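The structure appears below as structure tokens.
The values are calculated or read from the model by the stated rules, or taken from the named source; none is laboratory data. The structure presented is a predicted model; accordingly, all values stated were derived computationally and were not measured. Here Cβ is always computed from backbone atoms with ideal geometry, including for glycine, and neighbour counts include all displayed protein chains.
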Amino acid sequence: MLARPDGSDVIPTQKLASEVLVLVEENTISVKEALRRYFEGKNVDYKIRGSVHAYVFEVLKRRNLIDFILERSLGFRNLSTIKPFIRNLLRIGVYEMHFKGVHPALATDSAVRIAKEISERSASFVNAILRNAEKVDVEGELRGIKRESRARYLALKYFHPEWYVGIAKRVVEDWKELLKANLRQATYIRANTLRRSPENVVRLLEKQDVHVEETPLPEVFKVISYEKPLAILEGYERDFVIQDLASCLVSYALNPQPDEIIADLASAPGSKTSHISAIMENKGRIIAVDNSAERVERMKARLKRLGVKNVEIHVSDGTKFNTKADKVLLDVPCSSTGSVRSYPSVKWRFDRKKFQSLLKLQQAFLRNSAEIGDEVVYSTCSITFEENEGNLLLTKEIFDVKELKLPLGIHGIKRYGKKSFRDYKKVVRLYPHIHDTAGFFISKLQVSG
Ligand SMILES: C[S@@+](CC[C@H](N)C(=O)[O-])C[C@H]1O[C@@H](n2cnc3c(N)ncnc32)[C@H](O)[C@@H]1O
């Protein structure tokens, strides 16, 4: 078995990472979900888990350029014709030699040893391709592409698909900064005030070598450094949760009161439901709806761990669900174009048809919410115009947009092609490059007359 200078056993890590990458690819799931499924019931040291996580994440972040290098190395063969495990092993090899600073011979040797467990033929194939990959002059290739297609060049240079670069250019002026920020990660912790005070959670974290800094929200902290993965720490998913600051602002926008009834129509896995419950101090009532039985099961267990008691849960279609509430939260399913820093696989899955049906679904949620309560908070973790201001334009006969003041965020989009959204100052957008959060859209609506 080959060991790296730092003493780590890299062969198992690469093998496990290739297997997790296959899971992500074949099941259209996130890295987090794939890692959860892969390690469930397996007794694997947290350091190895952490290392597998890092490999999978870093490969997926750069998948287009890695695949480009591989295609240059494959000659006539197409990457999609290679068996999934070997394809992902090759991706890891390319990532190591071109982006991680591992010596190409060592990266190739590690991948070849793993491929040998399958067959000698696989091993010599991997060897040949990675030796070609080592010789690819990435900078030179990119210069060539820049002359042919600027859009393709930018997509490869910033590790985003062309459609994403197109959207970024249309929604923000400093779009290059957005693309760069999408490659950095920030982690936020929300103290679960149903169990512990924020100060108490900070002490609990410090005791476990996690250092945090304050944010504009008293119960939310930004992680500055940590020793062990947060998910194995004492208090995780009991006294604190990992939740993006932008996501936490949504519950502030809703401003739930302890005596109110809240309907949360797309609620699983319950990050906002549990935050709303904490703000309501477990009083009043939250009607939490989601149409995924599997996600609801996980949410139930989660809410129990977090000590949430004022929630009734329904597996049901939130676009048809019938109830009455004081306030409605619509944190709707979306393209997740604001969440690519935490969910890099989102970048490689865009489908125009699915996008169109998402827009219809979001509009159906909006229409149904108006039957349930007079005040609605509509949010997405998407940066597109269509899913946000665009949907509010399409439902303007039902809602008035109310002015929303939050401690963080900028105005919405005023003009988009021929469309203009006059309430742009009333809604809030957050961006990775400006606020160091996920990209989010938050709006407050009042059912009109
Ligand atoms: C953005 S996620 C919600 C995240 C959640 N609010 C939180 O903070 O943890 C969107 C959710 O909508 C659910 N969903 C999709 N279509 C739905 C429908 N027609 N009715 C109810 N829920 C739906 C998905 O299962 C998913 O859990």
* Asked: Within the group Ile398, Ile383, which residue is touching a residue at least 24 places away in the same chain (Cβ under 8 Å), surrounded by 20 or more Cβ atoms within 10 Å (Cβ to Cβ) and more than 14 Å from the ligand (Cβ to nearest atom)?
  -> Ile383
* Of all residues making up region 269-288, the number that are under 16 Å from His314 (Cα atoms), surrounded by fewer than 24 Cβ atoms within 10 Å (Cβ to Cβ) and either more than 19 Å from the chain's Cα centre (by Cα) or among the aliphatic types (A, V, I, L, M) (or both) -> 2
* If we keep just the residues of region 221-238 that are in a helix (DSSP H, G or I) and under 19 Å from the mean Cα position of the chain (by Cα), which is farthest from Leu303 (Cα to Cα)? -> Leu230
* To do: Exactly one condition in (1) within 11 Å of the ligand (Cβ to nearest atom); (2) touching a residue at least 60 places away in the same chain (Cβ under 8 Å); (3) of a type outside the set (A, V, I, L, M); (4) surrounded by fewer than 16 Cβ atoms within 10 Å (Cβ to Cβ) is not met by Lys320; state its number.
  => (2)
* Going by the conditions given, is Leu361 touching a residue at least 12 places away in the same chain (Cβ under 8 Å), within 12 Å of the ligand (Cβ to nearest atom) and in a helix (DSSP H, G or I)? -> yes
* Asked: Of the residues Ala293, Ala263, which single one is surrounded by 22 or more Cβ atoms within 10 Å (Cβ to Cβ) and either within 12 Å of the ligand (Cβ to nearest atom) or among the hydroxyl-bearing types (Ser, Thr, Tyr) (or both)?
  -> Ala263
* To do: Looking only at region 34-54, decide whether some residue is closer than 24 Å to Val165 by Cα and in contact with a Leu (Cβ under 7 Å, 6 or more places away or on another chain).
  => no
* **Number of the condition not met by Glu371 [criteria: (1) under 10 Å from the mean Cα position of the chain (by Cα); (2) surrounded by fewer than 23 Cβ atoms within 10 Å (Cβ to Cβ); (3) modelled with pLDDT of 95 or more]** => (1)
* Out of Val241, Val202, Val212, which single residue is within 16 Å of the ligand (Cβ to nearest atom), modelled with pLDDT of 95 or more, not hydroxyl-bearing (Ser, Thr, Tyr) and not in a loop (DSSP other than H, G, I, E, B)? -> Val241
* **From Val427, Val447, residue being surrounded by fewer than 21 Cβ atoms within 10 Å (Cβ to Cβ), of a type in the set (Val, Ile, Thr) and touching a strand residue (DSSP E or B) at 6+ places or on another chain (Cβ under 9 Å)** => Val447
* Do you know which residues across region 296-308 are in contact (Cβ under 8 Å) with a residue 24 or more places away in the chain and more than 11 Å from the ligand (Cβ to nearest atom)? -> Arg305, Leu306, Gly307, Val308
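Okay, residues lined up against (1) under 21 Å from the mean Cα position of the chain (by Cα); (2) part of a helix (DSSP H, G or I); (3) of a type in the set (Phe, Trp, Tyr):
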residue	(1), (2), (3)
Tyr38	yes, yes, yes
Asn43	no, no, no
Val52	yes, yes, no
Tyr55	yes, yes, yes
Glu58	yes, yes, no
Arg77	no, no, no
Ile86	no, yes, no
* Just one of Val250, Val332, Val311, Val340 is closer than 30 Å to Gly166 by Cα, more than 12 Å from the ligand (Cβ to nearest atom) and either among the β-branched types (Val, Ile, Thr) or surrounded by fewer than 22 Cβ atoms within 10 Å (Cβ to Cβ) (or both); which is it? -> Val340
* Go through the residues of region 135-149 one by one and say whether even a single one is assigned to a helix (DSSP H, G or I), at pLDDT 95 or above and crowded, with 19+ Cβ neighbours inside 10 Å. => no
